[in-house]
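Everything below concerns the one structure shown next.
The values are calculated or read from the model by the stated rules, or taken from the named source; none is laboratory data. Please read these numbers as outputs of a predicted model, since none were measured by experiment. No Cβ is skipped: glycine too gets one built from the backbone with ideal geometry, and neighbour counts run over all protein chains shown.
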Amino acid sequence: MSGIVLVDRADAERLAPLTSLRPQGALRAGARLVHERWAFAFGVPVTGLVAREALAGFAEPGQPPLLHDDDEVPAGTIVAWADVAPSLARVDVHADAWDLRGEFPVAMRVARATRAGALRDWVPSRELARVVSLSGVELAQPWHVIETLPGLLAADARAIAETMAARPLPPHVVVLGDHPVRIAADAQVEPFTLLDARAGAIVIEAGAIVRSHSRLVGPFVLCAQAHWLGGEGHTSVIGPHCKVHGEVSTSIVAGYANKAHDGFLGHSYLAPWSNLGAGTITSNLKNTYGTVQFAGTDTGLQFLGAIVGDHAKTGIGTRLTTGTRVGAGANVVGDGIAGPDVPPFAWGVRGDVTDIARFTATVRKVMARRSVFPSSAHLAMLARRHAVLAAR
């Protein structure tokens, strides 16, 4: 079977700040990236992403390549919408097309070779001979990554645990509950750690570290090479190469991001390369207990914290109000409560804009700390996006 190609929706900007600097297929939903979820469900790799032209040059470790418009997509390739996150369960691959929960088509197998650029206008057919259903979620709004997290993560943590060999747990680790607990052979869990698996599975992946005086409550996934530095986390996923400390509830730290100090992070999403300064606190519940607005839209959710874009930073002691959108590249510093809508590439909260030279210099330093060195094409993409987003 050929691989999978994921296509960004034409209106992918509706998911800002999540998609301001990255394709939809590179977002994290539940415990895994969207492209990883498609690969798991179909048992074949995602061979490319068709993203908006504005993102040309995007490249990161572990991400499929962006296809150029003239690249050929071979016959038999599965083409799918990148804003759909399938469940981590195998699907029937012997079909012509797939729909989401029997509601609307989201993927199909192309019968003949085509150019990647032609897929920007792709619409899955409803007339194909054999259509089967897959389970999963559609990420139609930015807050859906948080709204869908408890359900996705509960299933994900168990599914991932089932792929890992069970081995004796360290004798100094206290475990509560009967859901699976899996610790990779080369992960480190220090003494005075409590793993509470009464409500869901707990997974600590390869090379991850859990420091002493931690309480992790399932469902919970600490991804490869991530460091949990102490405190309590529950119903959360900490992506690869992250460093996290404090109280974290129902949140996604997507990968290559830091929250290394005290402070509450609740019902929030931290995009890659973001960093929360010491003592940064999110509010995830209004004093009225009413529903939360995000970027002027009523989400219908009672709990929603902050959704933070790529390369965004907060200063020490920052307070983010309920339902805050922090734009990509923003540097949030100020004396009061920030939010609810911090523009992309903002410098502070008084209307100033981050200088592109200063921004890219910081990007180089931040990424180098994780042994990632952005290409000139990636840096050029960031500069183009800065020119557009900072001018709004």
Can you pull out the residues in segment 77-96 that are surrounded by fewer than 15 Cβ atoms within 10 Å (Cβ to Cβ), among the hydrophobic types (A, V, I, L, M, F, W, C) and farther than 28 Å from Pro272 by Cα?
Val93
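Does Phe373 count as at pLDDT 95 or above, crowded, with 17+ Cβ neighbours inside 10 Å and among the aromatic types (Phe, Trp, Tyr)?
Numbers: at pLDDT 95 or above: yes; crowded, with 17+ Cβ neighbours inside 10 Å: no; among the aromatic types (Phe, Trp, Tyr): yes.
When the stated conditions are applied, Phe373 does not pass them.
For residues in segment 2-24 being in a helix (DSSP H, G or I) and over 13 Å from the mean Cα position of the chain (by Cα), which is farthest from His378 (Cα to Cα)?
As a first pass, look at segment 2-24 and keep what is in a helix (DSSP H, G or I): 12-15, 24.
Adding the requirement that they be over 13 Å from the mean Cα position of the chain (by Cα) leaves 12-14.
Details: Ala12: 19, Glu13: 19, Arg14: 22 Å.
Step by step, filter segment 2-24, then rank; the result is Arg14.
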I'm trying to understand the selection: among the residues of segment 334-356, which are of a type in the set (Val, Ile, Thr) and either touching a His at 6+ places or on another chain (Cβ under 7 Å) or at pLDDT 85 or above (or both)?
Ile337, Val342, Val353, Thr354, Ile356
The condition of being touching a residue at least 60 places away in the same chain (Cβ under 8 Å) and outside the structural domain of Pro150 (by TED's automatic domain parsing) holds, among Pro61, Pro65, only for Pro61
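For segment 1-36, give me each residue that is over 16 Å from Met108 (Cα atoms) and touching a Ser or Thr at 6+ places or on another chain (Cβ under 8 Å). Spell out the reasoning first.
From segment 1-36, those over 16 Å from Met108 (Cα atoms) are 10-34, 36; that's our starting set.
Matches in segment 1-36: Ala12, Glu13, Leu27, Ala29, Gly30.
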For segment 68-105, give me the residue count where each residue is within 23 Å of Arg32 (Cα to Cα), touching a residue at least 60 places away in the same chain (Cβ under 8 Å), in a loop (DSSP other than H, G, I, E, B) and over 17 Å from the mean Cα position of the chain (by Cα).
3
Pair list, Cβ < 6 Å and 6+ apart or interchain, from segment 261-286 residues that are over 23 Å from Ala29 (Cα atoms) and in the same structural domain as Thr362 (by TED's automatic domain parsing) to residues that are of a type in the set (Gly, Ala, Ser) and assigned to a strand (DSSP E or B)
Asp262/Gly246; Gly263/Gly246
Collect the residues in segment 219-253 that are out of contact with any helix residue (DSSP H, G or I) (no Cβ under 9 Å at 6 or more places or on another chain) and outside any strand (DSSP E or B), keeping them in residue-number order.
Cys223, Ala224, Gln225, Ala226, Gly239, Pro240, His241, Cys242
Check Arg182 against each of (1) modelled with pLDDT under 95; (2) in contact with a strand residue (DSSP E or B) (Cβ under 7 Å, 6 or more places away or on another chain); (3) farther than 22 Å from Ala26 by Cβ; (4) basic (Lys, Arg) and name the one condition it does not meet.
(1)
I need the full set of residues from segment 262-274 which are under 25 Å from Thr360 (Cα atoms) and in a loop (DSSP other than H, G, I, E, B), in order please.
Ala271, Pro272, Trp273, Ser274
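Might you check whether a residue that is in a loop (DSSP other than H, G, I, E, B), over 30 Å from Leu304 (Cβ atoms) and either among the β-branched types (Val, Ile, Thr) or under 24 Å from the mean Cα position of the chain (by Cα) (or both) occurs anywhere in segment 119-136?
Yes.
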Residues being crowded, with 23+ Cβ neighbours inside 10 Å and among the basic types (Lys, Arg): count how many of those fall in segment 33-76.
1
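Which residues, taken from segment 71-116, are among the acidic types (Asp, Glu) and within 22 Å of Thr19 (Cβ to Cβ)?
So in segment 71-116, the residues among the acidic types (Asp, Glu) come out as 71-72, 83, 92, 96, 99, 103.
Within segment 71-116, Asp71, Asp83 qualify.
Does segment 354-377 hold any residues that are within 14 Å of Trp273 (Cα to Cα), assigned to a helix (DSSP H, G or I) and in contact (Cβ under 8 Å) with a residue 60 or more places away in the chain, and which are they? Full working, then the answer.
Let us first name the residues in segment 354-377 that are within 14 Å of Trp273 (Cα to Cα), namely 359-374.
Checking which are assigned to a helix (DSSP H, G or I) leaves us with 359-368.
The answer is Val363, Val366, Met367.
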Given (1) modelled with pLDDT of 95 or more; (2) on the phi > 0 side of the Ramachandran plot, number of the condition Gly102 does not satisfy
(1)
Which one is nearest to Val189 (Cα to Cα), of the residues in segment 212-257 that are touching a His at 6+ places or on another chain (Cβ under 6 Å) and in contact (Cβ under 8 Å) with a residue 40 or more places away in the chain?
Gly218
Close pairs (6 angstrom Cβ cut-off, 6 or more residues apart or separate chains): in contact (Cβ under 8 Å) with a residue 12 or more places away in the chain and assigned by TED's automatic domain parsing to the domain that holds Pro171 in segment 181-200, outside any strand (DSSP E or B) and of a type in the set (Lys, Arg) anywhere:
Glu190/Arg211
